[in-house]
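Read through the structure below, which is laid out as structure tokens, and then see the notes.
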Amino acid sequence: MIYETLDLFDQPKARTSDPYTSKLAAKKVKPRATSQAMKLLFAHYNNPNGLTDEEAANAAGVSLLSEFRTRMSSLVRAGYLQDTDLARLSSFGNPNIVRVITDDGKALIDEVFYGN
């Protein structure tokens, strides 16, 4: 089977060979509130002054051994988070960029968690 190349929030989640009606239906699928990316985004929602990736993972209860940095990059590419000009030191003493949630990110959280 041939599948479209998808990023974390790309739509549709359908095979290229599926009829257009399947692709339209797939676009209506919401990200799961329990996904790692949504937990990370929710951490930013609750910390509007911004978080580093490591701070977001800790706030979300996500393991630092997971692929959380990939999720963070996907959230930035999707337009739900944006980089700031600020940096803070990680637990290893390395500078980490501070990211903030965007209006699109807030709207997604409001939709997924609160049905707004």
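So, of the residues in region 62-116 that are among the basic types (Lys, Arg) and not in a helix (DSSP H, G or I), which turns out to be farthest from Asn46 (Cα to Cα)?
Narrowing region 62-116 to residues among the basic types (Lys, Arg): 69, 71, 77, 88, 99, 106.
Still in the list and also not in a helix (DSSP H, G or I): 88, 99.
Details: Arg88: 18, Arg99: 13 Å.
Ranking the qualifying residues of region 62-116, first place goes to Arg88.
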Name the residue that is modelled with the lowest pLDDT, counting only residues in region 57-93 that are farther than 15 Å from Met38 by Cα and out of contact with any helix residue (DSSP H, G or I) (no Cβ under 8 Å at 6 or more places or on another chain).
Leu65
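Restricting attention to region 40-74, which residues are touching a Phe, Trp or Tyr at 6+ places or on another chain (Cβ under 9 Å) and over 15 Å from Val98 (Cα atoms)?
First pass over region 40-74, keeping only residues touching a Phe, Trp or Tyr at 6+ places or on another chain (Cβ under 9 Å): 40-42, 44-45, 53-54, 56-57, 59-60, 62, 74.
Scanning region 40-74 gives Phe42, Ala60, Val62, Ser74.
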Starting from residues that are crowded, with 16+ Cβ neighbours inside 10 Å and in contact with a Gly (Cβ under 9 Å, 6 or more places away or on another chain), keep the ones in region 98-116 and report whichever is farthest from Ala60 (Cα to Cα).
Thr102
Here are some conditions: (1) surrounded by fewer than 16 Cβ atoms within 10 Å (Cβ to Cβ); (2) at pLDDT 60 or above; (3) part of a loop (DSSP other than H, G, I, E, B). Leu6 meets all but one. Which one does it not meet?
(2)
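The values are calculated or read from the model by the stated rules, or taken from the named source; none is laboratory data. Everything numeric here is computed off the predicted structure, so don't read it as measured data. With ideal geometry, Cβ positions are generated from the backbone for all residues, glycine too; neighbour counts draw on all protein chains shown.
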